Every structure is written in structure tokens, then in C-alpha cells.
Amino acid sequence: MNVLNHRALRAFMPVPPRYAVDLIDRRTGKPHRISDIPLRLITCEPYETVQELMRDRDPARWQTAVHRLDRKGAIQ
């Protein structure tokens, strides 16, 4: 398949929605940071990602925020 056929095929294929999932510290209201980088996961399955992030975490201390992304990756 050449490049033109690949681009034409992508134009007609439905793109599954993507979501940004953040882990938020309830005490500060700010995203959890690792090496001063906010933890944000990009996924097509936000509910499964939330379950994984919250596994073995205290819900009194942690919460998650889910944002839908547009085709360019910006939060809607």
C-alpha cells in the first residue's frame, strides 16, 4: 500500500474518541506529579484507566479527572 492509499484509508476510518485521565491530589487540588511532570494518561478506555489509577489508592486522598480530547489532542 502506498502513502496516498494509506492517507485515503485513514480519512474514511472512524477514529475512536480519546480521553485524558489525570490523577488529582484532593489535599491540593493539583495533578499528581512524577519528577515534576503531571501524570496524565491518554486512552480510548477512560473507565478502565480510572480503575487502574485508583487501584490500591485511598479515595479520600485521590480523585481522577477525565477530559475528552479532540482530533488534534486538545481538551474539549
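How large is the dipole of the stretch 6-74 about the Cα centre if only Lys and Arg carry +1 and Asp and Glu carry -1, each at its Cβ, rounded to the nearest 20 debye? Present the calculation step by step, with values, prior to reporting the outcome.
On the way: 14 positive and 9 negative charges, 65 e Å.
With only Lys, Arg, Asp and Glu charged at Cβ, the dipole is about 320 debye.
Please list Lys30, Lys72 from largest to smallest accessible area, probe radius 1.4 Å, with all protein chains kept in place. Don't skip to the answer; put the middle values down first.
Working: Lys30 135, Lys72 190 Å².
Descending accessible area places them as Lys72, Lys30.
Give the accessible area for Leu39 in Å² (nearest 10); use a 1.4 Å probe, count only protein heavy atoms, and leave out ligands, DNA and RNA.
Roughly 30 Å² of Leu39 is accessible to a 1.4 Å probe.
What order do Val21, Val15 take when sorted by accessible area (1.4 Å probe), most exposed first?
Numbers: Val21 0, Val15 85 Å².
Ranked from most to least accessible, the order is Val15, Val21.
Once every DSSP H run of n ≥ 4 in the chain is given -39500 (n - 2.57) and the sum is divided by its residues, what mean residue ellipticity at 222 nm do you get, rounded to the nearest 500 deg cm²/dmol? If you can, show how the numbers build up before the last one.
On the way: 2 runs with 19 residues, N = 76.
About -7000 deg cm²/dmol.
FRET efficiency for Gln51 and Ile75, Cβ-Cβ distance as r, R0 = 22 Å, nearest 0.05? Intermediate results must be reported in sequence, preceding the final value.
Details: r = 21 Å, r/R0 = 0.97.
Taking R0 as 22 Å, the efficiency between Gln51 and Ile75 is 0.55.
Project the alpha carbons of the chain onto their principal axes and report the range along each, largest first, in whole Å.
52, 24, 22
Starting from the 7 Å offset along Cα-to-Cβ, what nm value, one decimal, do you get for the label separation of Ile34 and Gln63?
Label-label distance for Ile34 and Gln63, simple model: 2.3 nm.
The values are calculated or read from the model by the stated rules, or taken from the named source; none is laboratory data. Keep in mind it's a predicted model, so treat the numbers as computed, not measured. Ideal geometry is used to build each Cβ from the backbone, glycine not excepted, and the neighbour counts take in all protein chains shown. In case anyone asks, the SASA skips ligands and DNA or RNA and just uses the protein heavy atoms, side chains included. Shrake-Rupley method; radii C 1.70, N 1.55, O 1.52, S 1.80 Å.
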